[in-house]
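Structure first, commentary second.
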Amino acid sequence: MSTVSLQEVTYTYPGADTAALSDVNLQIGAGELVVVAGGSGSGKSTLLRAISGLVPHFHGGTFAGRATIAGMDTRAHGPGELAGAVGTLFQDPETQVVMGTVRAELAFGLENRGLGPAAVARAVEEAALALGIEGLLERSTAELSGGELQRAALGAALAGRPQVVVLDEPTSQLDPVSGDELIGLLRRINEDTDATIVLAEHRLERCLGAADRVVALAGGRIVCDAAPQAFLEWAAGAAPNLQTPGAKLLGSLGLPPAAGVKRARALLRDAGLLPAPEPGSVAVHAGAPAQPRDAERPRVPARPRRLARRRAAAPACAVELRGAWHELRSGPAILRGISLTVAPGERVALMGRNGAGKSTLLRHAAGLMNPTRGTVRRGGRIALLLQNPTDYLVHDSVAEEAPPVALARAGLDPATMGSRHPRDLSGGEKQRLALAVVLGDLADRPAAVCLDEPTRGMDRDHKHQLATLLAGLDAAVIVATHDPEFASAFADRVVLLADGTVIADAAAGEILSGGSYFATETARILGGVPGVLTPADGLRLVTGAPAPSGGARVAAEAMA
């Protein structure tokens, strides 16, 4: 028997000219873990809203067909009734968290269902331990970082052990370690409790290895419903933008795609293209020296570290933090003596685990927060886009939020989207609209543009567009991100934070090509060869082909 059953479901948002879902038929059984894939605006979020009952009960609009979830017809049972059987986490956890502390947030839904104190306490403790947030239970939800807030909202969704778990981009604000742990946790919940898990993701390389099926949407219709391997084979011809970097690397070498780093390495070794590594060595193709990453960056000239140090001492800068601390009265320091200089025109990716201080650093750079010790110097206006795009959207239509030139620059068509209500946009569309609001028409040129997790809800095509947009800005760019693929596309420098301090500051090709977590999928497959970050880099490494002449690299290659 299907836990999730959609029959001929068609749905249109209020005021929209086209349906967000069209004739969708989908059956998902108990214990299945299904990944929903597709481009921004393809209908993924709407599909999840239909499963949770928010469509049409909350959003309104026109609904046809039948959705039966855990035996309940959503036409007769609203989101409140469905909440007992469906745990939901959407892209904007800020709007889901309602209580003052994390413990109260995890207990809220259980108490509303009438569970006794002992049962509530046990469920809260188990959910907190499973997600690694036991240390946050007494923290105020207002003081959490974006990733910490996302885990708290997820804990509230999972605490009641629901029959169906619906998650929209659940790893988008999580650091690589937390993201991998979350996927493992979902797989374990799926296996231990027979819960049905429906997960929408753009970073498919994170989750395909754990999936039973992949359902791909385009234009509100299901265009593929297959096992992960078959999905990747379909995507190679029908939807290249849905391929993982590893699948693109294998395809460029004439090999079948594989879900996961381990399987990709096995295919390369079976084909004789990747030798088995000796203990303590790095697996590198013997006849192919790695191409220096910095030599291939066309947009921002490579900056040797000695040049960066000279600039740090120079008076001209876009943003400079010197010995900056930020200490909370009620707890630990978030920033600990950070000294960082970003030169005009420089592209910097801020990376690090959740709670490392990335968002706080950006707020200090923009002047929203002041250091308790140390100084911050700015070369002019700082444009800042924080993690929650809905904070920037205050009007009733897209056209009222930003001028047409800004909408077009952010990848939104003013003609087709101008009349849409911002509330009804997908997560990626909201993110791009907020970016258009922040940048405006750029008449007042900022000294620096600071973006906090700007790729949340964006597909690969729109990430490429954003990387190209950032490359063309006449300003320094500082982006806090957990996405190494995106960082490799725009950044010439990566600053790695931990516990409020800078622990690494080097060229992107140096930091993103080593290790297991802060590295691209291509780098992890090929064993961390310096400068080898993209499928195109990997192809040149394995085949020994020369790098493009003249140092030519474009964002499209980096996002491939």
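See the values below:
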read-out	value
Separation in nanometres of the label points that stand 7 Å from Cα toward Cβ, at R188 and E138	2.5
Rg over Rh, two decimals, the stretch 98-173 (C-alpha only, Kirkwood Rh)	0.94
Diffusion constant of the chain at 37 °C, which comes from Stokes-Einstein with the Kirkwood Cα-pair radius and 0.692 mPa s, µm²/s	135
Whole-Å distance, taken between Cα centres, linking the stretch 176-247 and the stretch 349-396	32
For the stretch 133-150 versus the stretch 1-49, the gap between their alpha-carbon centres in whole angstrom	31
Where the chain is the region considered: accessible area per residue in Å², 1.4 Å probe	38
D391/R161 FRET efficiency (R0 35 Å; Cβ-Cβ; nearest 0.05)	0.60
Ranked by how many other beta carbons lie within 10 Å on average, peptides 186-194, 109-117, 204-212, 19-27 from highest	204-212, 19-27, 186-194, 109-117
F518 accessible area, 1.4 Å probe, all protein chains in place, Å² to nearest 10	50
Two-site label geometry, L328 and A64: point separation in nm, points 7 Å out along Cα→Cβ	5.2
Peptides ranked, highest mean first, by Cβ atoms within 10 Å: ranges 123-132, 329-338	123-132, 329-338
Net dipole in debye of the stretch 1-149 [+1 Lys, Arg Cβ; -1 Asp, Glu Cβ; about Cα centre; nearest 20]	320
Label-point separation, A121 to A545 (7 Å along Cα→Cβ), nm	6.4
Cross-link pairs K44/K463; K44/K430; K44/K248; K248/K463; K262/K430; K358/K430 - those with Cα-Cα distance over 25 Å	K262/K430
Carbon plus sulfur fraction of accessible area for the chain, probe 1.4 Å, in percent	52
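The values are calculated or read from the model by the stated rules, or taken from the named source; none is laboratory data. In this text, all values refer to a predicted model and were calculated from it rather than measured experimentally. Note that we place each Cβ from the backbone using ideal geometry, even for glycine, and neighbour counts take in every protein chain shown. Heads up: the accessible areas ignore ligands, DNA and RNA and are worked out on the full protein's heavy atoms, side chains in. Shrake-Rupley method; radii C 1.70, N 1.55, O 1.52, S 1.80 Å.
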